[in-house]
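The values are calculated or read from the model by the stated rules, or taken from the named source; none is laboratory data. Every value quoted in this text rests on a predicted model; they were computed, and no experiment measured them. Here the Cβ is made from the backbone with ideal geometry for all residues, glycine too, and neighbour counts use every protein chain on show.
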Amino acid sequence: MDLPEVHHFPPDAPLAVLTTQPLDRVLDYRAPEGGAQIGDFVEVPLGPRKVLGVVWGPAESDLPPTRLRRVERVLDVPPMRDELRAFLARAADYTLTPRSLMLFLATRAPGLFQGQAMRRVYQLGDTPPERMTDARARVLEVMTGYGGAALTLTEITRAAGVSASVVQTMASQGALIEAETPRDTPYPRLDPARPGKELSPDQAEAATRLRAAQGDFGVTLLKGVTGSGKTEVYLEAVAECLSKGRQALVLLPEIALTAGFIERVEVRFGARPAEWHSGVTMTERRRLWRMVGQGGAQMVVGARSALFLPYRDLGLIVVDEEHDSSYKQEDGVLYNARDMAVLRASIAGSQVVLASATPALETWVNSETGKYARIDLHARYGVAELPDMRAIDLRSEDLPSGRWISPSLKTAVQTRLEAGEQSLLFLNRRGYAPVTTCRACGHQVQCHQCDARMVEHRFQQRLMCHKCGATAPIPTACPSCGVEGRMHAVGPGVERLEEEARAAFPDARVAVLSSDLFASARALKAQIEAIAEGEADIVIGTQLVAKGHNFPHLTLVGVIDADLGLHGSDLRAAERTFQLMRQVAGRAGRAERPGLALLQTHQPDHPVIRAILSGDEEGFWRAEAAERQSLGMPPYGRLAGIILSSPKPEELFEFAQALAARAEPLLRIGAQLYGPAPAPVARVRGRHRVRLLIKAARTVPLQAAISQWTAQLKPPHDLRIAVDIDPQSFW
Ligand code: ADP
Ligand code: ZN
């Protein structure tokens with residue numbers, strides 16, 4: 001680790017502070033009265049303001065201390081550990097992100113400035129009230145009822161139905177005792193010694209291997225079809241980690257999955273783990289941030305940002321559905337949580353479990369080369385079988401325009417309806433229709449600030465831009481030629497599919513699962529549970545349904561457009577389609593009844609469709625890996641995407657060309673530079689976009705070369721440069 005030796009700074013000694021302000025460097029200060037040590041959270045003056053920072057190392061300048069401003073104060077928070085500082089520094093270097101921005105990710109909890117938040121509580125005193133009244137008696141009753149626990153004023157007044165003054169008077173008389181306690185309390189203890197489910201021989205062997213691996217850095221791919229018990233097995237690794245007194249983190253790709261998972265943890269360990277994602281309240285975030293640092297939280301379940309918490313001793317990171325593209329953060333700091341999990345684990349000495357039925361090609365290759373260990377769960381738990389998969393050749397189906405459920409698929413759904421079983425119709429497109437055109441002039445309604453068509457959302461009665469979120473009323477007259485009543489929806493979205501399904505199966509109960517149709521994660525969870533309990537005959541869903549939900553009554557999956565992901569020049573088009581189709585198909589037949597997956601396609605002979613149907617996964621990966629290797633593409637070579645954006649197109653192209661003309665630092669490491677070219681989505685939120693692509697060998701210092709390259713030119717005001725290392729998307 002490239003960390004400085006000095007750990008303590010006496011009063012007035014010069015030191016460097018990394019702040020969360022958008023600066024790409026540390027700032028020098030002098031230590032406060034009581035001195036400071038590396039890792040201390042501090043408040044420092046910056047211009048007229050006071051900002052949050054962390055003591056990062058010795059001062060970088062030679063200025064005499066008298067010329068430096070003084071650290072205002074050291075905050076009442078445990079200092080940041082070397083491990084986390086090293087992780088932030090390495091993650092910043094890897095992603096070419098300013099360290100200050102990384103620190104920002106690691107301090108996204110409110111109240112860090114305020115110190116330990118306290119709250120006033122009351123306990124039973126020794127003296128009885130001077131005069132007993134009904135109200136006072138009720139207070140005593142409540143207090144005894146809680147077995148002498150300390151309660152807040154609100155808790156008492158609510159439970160006893162009295163006013164605050166009753167409680168305060170009792171306190172002044174000594175009948176109640178006032179005290180201050182920290183507001184943030186430890187999470188209930190999880191008990192790793194509780195027995196888990198009885199494991200099948202396959203599962204037991206996997207669990208034994210994962211348990212044995214705990215204690216040191218290492219990565220294991222846990223591969224098994226949906227329903228094979230991966231969760232059950234990695235909870236055994238969590239148990240081992242907890243029993244060693246270390247902390248475990250489980251990352252899930254979708255907030256909607258957390259509620260169900262947390263219940264499983266509660267059943268397994270007797271208490272709920274801590275939860276960290278955008279749906280968690282600020283108070284709870286503050287508590288978790290503090291507790292995880294003090295060891296008052298043993299297990300965290302969360303979204304990718306949970307990787308940046310100040311764990312006291314992180315022993316295990318599970319990345320569930322590790323192939324999921326939502327692990328890649330696509331705005332702000334561009335990082336892949338799966339890769340950053342491996343980085344943090346290598347610094348913290350933790351184990352990583354990457355769980356998936358359809359691993360990312362990168363992960364598969366790493367397990368082939370022995371860099372990662374690999375454990376396979378071969379069968380589904382119990383009697384459930386993987387579904388039979390077949391293609392429906394749309395070229396030979398009689399399907400009128402504006403209809404998407406082929407006669408063959410319709411018959412299959414009808415059969416399930418008669419048997420009282422569920423069907424899933426899968427279409428990875430939100431909204432009613434992707435395009436709205438005018439039949440008079442052919443105009444397509446565009447977003448006024450993006451290079452994107454507006455998508456009709458009939459449920460919300462709006463057109464919506466999926467790039468920037470702008471909405472507009474659905475026009476009755478063409479915005480271009482003005483002709484009334486000729487606007488026309490083209491192509492299917494889930495809402496339109498719902499309409500077709502209701503018309504085709506008038507007696508069926510139809511439910512739609514699409515992220516935009518639910519006001520809250522709770523409403524979505526309720527719908528998912530209702531479906532699991534059999535309260536729908538036909539489920540229509542976007543990729544939301546592909547992620548780990550258990551629908552025991554589901555025996556048929558119909559993929560409306562299996563070709564959807566195959567178009568386009570995306571590096572991962574084949575891989576993504578393969579994963580998505582297998583994930584979706586895996587929803588069928590999870591209980592006693594076998595499942596069937598039908599893929600509607602215009603190209604049943606496409607190699608990817610053939611691979612999906614044949615189920616020859618290893619064959620698919622080998623072929624895909626060989627192709628990437630021959631092209632020098634990831635994971636055999638490396639890519640970096642450079643996205644330049646600006647409201648001024650001429651300036652943008654000029655700058656991009658000037659940058660491309662100075663490619664020396666890139667050429668020196670043998671990298672190739674492609675572009676500049678207008679991005680596939682050439683304008684977003686009024687900003688024009690241009691892309692460049694860098695391709696390099698695995699082993700060259702790519703990040704350093706990119707830094708040198710971009711440092712040659714100062715971009716004009718308003719022109720932004722985003723560097724996307726290991727890009728997942730190319731829009
Ligand atoms: P995966 O994570 O691979 O999709 P899960 O761990 O969620 O699989 O298991 C699928 C279902 O089978 C769950 O309902 C789970 O509780 C059940 N299951 C798996 N293994 C066992 C077991 N050994 N005993 C009882 N139920 C199990
Ligand atoms: Zn837009």
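It is to be established whether one or more residues within segment 668-677 are away from ligand 1 (no atom under 16 Å from the Cβ), in contact with a Phe, Trp or Tyr (Cβ under 8 Å, 6 or more places away or on another chain) and at pLDDT 95 or above. There is no residue in segment 668-677 that is away from ligand 1 (no atom under 16 Å from the Cβ), in contact with a Phe, Trp or Tyr (Cβ under 8 Å, 6 or more places away or on another chain) and at pLDDT 95 or above. Being in a helix (DSSP H, G or I), more than 27 Å from the chain's Cα centre (by Cα) and not β-branched (Val, Ile, Thr) is a description that applies to GLN708. Give the residue that is surrounded by the fewest Cβ atoms within 10 Å (Cβ to Cβ), with candidates limited to residues of segment 312-338 that are charged (D, E, K, R) and assigned to a loop (DSSP other than H, G, I, E, B). The selected residue is ASP331. Considering segment 482-538, the residues that are assigned to a loop (DSSP other than H, G, I, E, B) and of a type in the set (Asp, Glu) include one that is surrounded by the fewest Cβ atoms within 10 Å (Cβ to Cβ), namely ASP507.
PRO594 meets all of the listed conditions (1) farther than 30 Å from GLN728 by Cβ; (2) buried (at least 19 other Cβ atoms within 10 Å of the Cβ) but one, namely (2).
Matching residues to (1) among the basic types (Lys, Arg); (2) closer than 21 Å to ALA303 by Cα; (3) part of a helix (DSSP H, G or I):
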position: ALA86; (1), (2), (3): no, no, yes
position: ALA92; (1), (2), (3): no, yes, yes
position: LEU103; (1), (2), (3): no, yes, yes
position: ARG119; (1), (2), (3): yes, no, no
position: TYR122; (1), (2), (3): no, no, no
position: PRO128; (1), (2), (3): no, no, no
position: ALA137; (1), (2), (3): no, no, yes
position: GLU155; (1), (2), (3): no, no, yes
position: GLN168; (1), (2), (3): no, no, yes
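The residues of segment 229-258 that are farther than 26 Å from SER514 by Cα, under 25 Å from the mean Cα position of the chain (by Cα) and among the polar types (S, T, N, Q) amount to a single one, GLN247. Among the residues of segment 192-236, what is the count of those that are touching a Pro at 6+ places or on another chain (Cβ under 9 Å) and within 11 Å of ligand 1 (Cβ to nearest atom)? The qualifying residues number 1.
If the condition is being closer than 17 Å to ALA164 by Cβ and either surrounded by 12 or more Cβ atoms within 10 Å (Cβ to Cβ) or of a type in the set (S, T, N, Q) (or both), then segment 124-136 contributes PRO129, THR133, ALA135, ARG136. Pairing each residue of segment 549-571 that is over 21 Å from PRO407 (Cβ atoms) and without any contact (Cβ under 8 Å) to a residue 12 or more places away in the chain with any residue that is outside any loop (DSSP other than H, G, I, E, B) and among the aliphatic types (A, V, I, L, M), provided the two are 6+ apart or on different chains, yields C-beta distances under 9 Å for HIS567/ALA573. Counting only strands (runs of 3 or more DSSP E) that sit completely within segment 195-311, those holding 1 or more residues that are away from ligand 2 (no atom under 16 Å from the Cβ), in the same structural domain as ALA348 (by TED's automatic domain parsing) and of a type in the set (S, T, N, Q) correspond to 218-224, 247-251. Within segment 344-351, can one find any residue that is over 13 Å from LEU251 (Cα atoms), assigned to a strand (DSSP E or B) and touching a strand residue (DSSP E or B) at 6+ places or on another chain (Cβ under 7 Å)? Yes: one or more hits. MET454 fulfils the conditions (1) of a type outside the set (Val, Ile, Thr); (2) without any contact (Cβ under 8 Å) to a residue 40 or more places away in the chain; (3) surrounded by fewer than 15 Cβ atoms within 10 Å (Cβ to Cβ) except for a single criterion, (3). Right, LEU288: in contact (Cβ under 8 Å) with a residue 24 or more places away in the chain, of a type in the set (A, V, I, L, M) and over 21 Å from THR95 (Cβ atoms) or not? Taking the combined requirement at face value, the residue satisfies it.
Just one of the listed residues (LEU463, LEU425) is under 32 Å from the mean Cα position of the chain (by Cα), buried (at least 17 other Cβ atoms within 10 Å of the Cβ) and either within 15 Å of ligand 2 (Cβ to nearest atom) or part of a helix (DSSP H, G or I) (or both), namely LEU463.
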